[in-house]
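Let me begin by presenting the structure, written as structure tokens, before commenting on it.
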Amino acid sequence: AIDSLQPNVLLYDETYPGTDNQRWRIPSNASNTIVEGTGLYTYVFGSIPADSRYNTPFPTDLTVEGQEHSGSVDFNVTYTPAADSGWNLVGNPYAATIDWDDASNWTKTNIDNTIYVWDYSTNQYKTWNGTTGDLGNGLISPFQGFWIKANNSSPSLIVEEDAKTTGGTFVGKKTSQQDHGYPHFSISVSDDNQKASTHFMFSEDASFGKDKQDGFRLLPPPGTFSYLDISSITENDDRMSINNLPRNFGIPIEIPISLASYKN
């Protein structure tokens, strides 16, 4: 940490008892070695005239040192049955982009297929489930942190080094191979500064309830005061950023949409 009061680096322990806020933990020491695949939340304090302890000038560079990990990586994800559990903050352990959609080089057992990446420039979580979402593809940049959700006991998430690829700028054109031919569409809202979207797809193995292709609408991190919020709402009042629905539902269906704008 840069100072002794507010931590700058946090990690998320899904198994820690207590509230969701209490699951945010700090490394015991700034010199600790980071276990490969661990996701970190990093916040840099700028200059605050009223408090001399917060005097970090901008811009601030965060550097990474050490030898790149080689071989496969087990993210050691967890699922705690109590409450709404299974959220794990992980990170790309390689100095190269990895492809979330490269099924032959991932083990995903009891894992939702949606990834969530925070984009500070738009104050939105970008999502991708292999077919649709804001990321536009499944490319995860070097050392990029991202959220995944385990959905049952004994989950496993392992990536092989062969999942490395090029790119990873989170833009790209969907192809029929990527979206598997599933019908999908998006609804977006924007103002002069921001844009938010919610996404829908239709597949044979979908359900009206939660399934592994769905993506939740996540709230922005604390300290985000202005943002747009759009989501679809399920029968259980879950708010979704990606809603995977049955392809053959037989009758017209209604899908409620929630839209809000927050300013300061």
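The values are calculated or read from the model by the stated rules, or taken from the named source; none is laboratory data. Nothing here was measured: the structure is a model prediction, and the numbers come from that model. Here the Cβ is made from the backbone with ideal geometry for all residues, glycine too, and neighbour counts use every protein chain on show. Just so you know, the surface numbers come from the protein's heavy atoms only, side chains and all, with ligands and any DNA or RNA stripped out. Shrake-Rupley method; radii C 1.70, N 1.55, O 1.52, S 1.80 Å.
Key figures for this structure:
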quantity	calculated
With all protein chains modelled, accessible area of residue 217 [1.4 Å, Å²]	40 Å²
Kirkwood Rh (inverse of mean 1/r, distinct Cα pairs), the chain, angstrom	19.9 Å
Kirkwood Rh in Å, taken over region 50-96 so that all alpha-carbon pairs contribute	15.3 Å
Global form of region 1-113, assessed from the alpha-carbon gyration tensor, a/c cut-off 1.5	oblate
Convex hull volume per residue for region 13-52, taking Cα atoms only, in Å³	130 Å³
Using a Förster distance of 22 Å, the FRET efficiency for residue 29-residue 143 (Cβ separation, nearest 0.05)	0.60
Cβ-derived FRET efficiency at R0 45 Å, residue 52 paired with residue 236, nearest 0.05	0.35
DSSP beta bridge pairing in the chain, given as percent antiparallel to the nearest 5	90 percent
